[in-house]
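Colleague: My structure is below; once you've seen it, I'll send some questions.
The values are calculated or read from the model by the stated rules, or taken from the named source; none is laboratory data. Fair warning: this is a prediction, and the values are worked out from it, not measured in the lab. When we count neighbours, we look across all protein chains shown, and the Cβ atoms used for this are built from the backbone with ideal geometry, even at glycine.
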Amino acid sequence: MTQSRISTGLRVGEASDNAAYWSIATTMRSDNKALGTVQDALGLGAAKVDVAYTGMNSAIDVVDEIKSKLVAAREPGVDKSKIQSEIGELQSQLSSVAVSASFSGENWLSQDSAAVGYSITKEIVGSFNRASDGSVSVGTVSISISATKLFDANVAASGILDTDFTTTGAGAVTVSVYSLDITAASIDTTDLDEMISAVDGALGSMTTSASDLGASKGRIDMQSDFVANLMDAIDRGVGTLVDADMSKESTRLSALQTQQQLGIQALSIANSSAQSILSLFR
């Protein structure tokens, strides 16, 4: 028994050693494996949020540049066609950023709300719970992606950048941040001011969305740290129940080996004495 404890490191290695402790330890080890999977799921969720946040941050920089170009176009006498050329390149960059911000097949910036199975709420596995009656459940972290939608392929809906607005100046154009064009001859200062205001509003919405994504990322990181600490605590608890005291068992093994050696030596002496008595009869 002592040799088995030394070789396995377990005081309770089989159900026959202590049925109650073995049952508890087996169940908790199984739960710890499930928590390991939860930790992987949290890592995957954190990566998705991080990709969306990175894309949103890049899009904010681009929209900020568009606003600056519109302010420059407000200056009398400037060549609006050249400014529009720069704005067009920035608009193409917005599309590229939104389409590229994809991880594991999910894109939270460029969406299609008409797609089958579409949901504005994404759920990330965040916990594995065992109740006092032995029933188990899986907890999730919910993240709404309605505010992160920059583009929506559904013609009946729209995102932050492809939502149309209509100016009230002489030009009276209906455009979005992604499609605005300042080259029309009828565009006046009122139209430009309203375009600047619309772009600034989109910038504010994107900033709020980036803040929400950052908060979600922080929550996922905290949950991941908690799960890691919980797994360590469960390991310690299982160890208290079933792990052998290696120092104690090593001392016991040494004592048993000494007793065995003494027994062999005693038998050897007794056998030698018997042989001496027999020699007298010869």
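Colleague: What's the number of the only condition in (1) exposed (fewer than 14 other Cβ atoms within 10 Å of the Cβ); (2) of a type in the set (S, T, N, Q); (3) modelled with pLDDT of 90 or more that residue 186 fails to meet?
Modeller: The failed condition is (3).
Colleague: Moving to a separate point now. Could you grab me the full set of residues in the stretch 129-154 that are assigned to a loop (DSSP other than H, G, I, E, B) and either polar (S, T, N, Q) or in contact (Cβ under 8 Å) with a residue 24 or more places away in the chain (or both)?
Modeller: So the first thing to find is which residues in the stretch 129-154 are assigned to a loop (DSSP other than H, G, I, E, B), and the list is 131-135, 145, 149-150, 153-154.
Of everything in the stretch 129-154, those that are assigned to a loop (DSSP other than H, G, I, E, B) and either polar (S, T, N, Q) or in contact (Cβ under 8 Å) with a residue 24 or more places away in the chain (or both) turn out to be 132, 135, 145, 149, 150, 153, 154.
Colleague: Name the one entry in 228, 255 that is within 44 Å of the chain's Cα centre (by Cα) and not charged (D, E, K, R).
Modeller: Among 228, 255, only 228 is within 44 Å of the chain's Cα centre (by Cα) and not charged (D, E, K, R).
Colleague: Give me the pairs, please: first residue somewhere in the stretch 5-21 and over 16 Å from residue 251 (Cβ atoms), second residue anywhere and at pLDDT 75 or above and of a type in the set (Gly, Ala, Ser), beta-carbon distance under 8 Å, and either six or more positions apart or on two chains.
Modeller: Hits for this filter: 12/25; 15/23.
Colleague: Before we move on, is residue 34 among the hydrophobic types (A, V, I, L, M, F, W, C), within 30 Å of residue 223 (Cα to Cα) and modelled with pLDDT of 95 or more?
Modeller: In short, no.
Colleague: Please state which of the following conditions residue 185 fails to meet, knowing it meets all the rest: (1) closer than 20 Å to residue 54 by Cβ; (2) not in a helix (DSSP H, G or I).
Modeller: That leaves (1) as the condition not met.
Colleague: So, one more: Give the residue, chosen from 25, 20, 52, that is loosely packed, with under 15 Cβ neighbours inside 10 Å and within 30 Å of residue 128 (Cβ to Cβ).
Modeller: One residue alone meets the criteria, 20.
Colleague: Let me ask something else about it. Restricting the stretch 28-49 to residues that are within 30 Å of residue 159 (Cβ to Cβ), among the small types (Gly, Ala, Ser) and out of contact with any Phe, Trp or Tyr (no Cβ under 8 Å at 6 or more places or on another chain), which is surrounded by the fewest Cβ atoms within 10 Å (Cβ to Cβ)?
Modeller: Filtering the stretch 28-49 for residues that are within 30 Å of residue 159 (Cβ to Cβ), among the small types (Gly, Ala, Ser) and out of contact with any Phe, Trp or Tyr (no Cβ under 8 Å at 6 or more places or on another chain), the one surrounded by the fewest Cβ atoms within 10 Å (Cβ to Cβ) comes out as 43.
Colleague: Which residue, of 61, 40, is free of Cβ contacts under 8 Å to residues at least 60 places away in the same chain and closer than 14 Å to residue 210 by Cα?
Modeller: Among 61, 40, only 61 is free of Cβ contacts under 8 Å to residues at least 60 places away in the same chain and closer than 14 Å to residue 210 by Cα.
Colleague: Applying the selection to the stretch 225-282, what residues are outside any helix (DSSP H, G or I) and without any contact (Cβ under 8 Å) to a residue 40 or more places away in the chain?
Modeller: 282
Colleague: Any residue that is modelled with pLDDT under 75, exposed (fewer than 14 other Cβ atoms within 10 Å of the Cβ) and farther than 30 Å from residue 129 by Cβ - is there at least one of those in the stretch 232-246?
Modeller: Checked against the condition, which is being modelled with pLDDT under 75, exposed (fewer than 14 other Cβ atoms within 10 Å of the Cβ) and farther than 30 Å from residue 129 by Cβ, the stretch 232-246 yields at least one hit.
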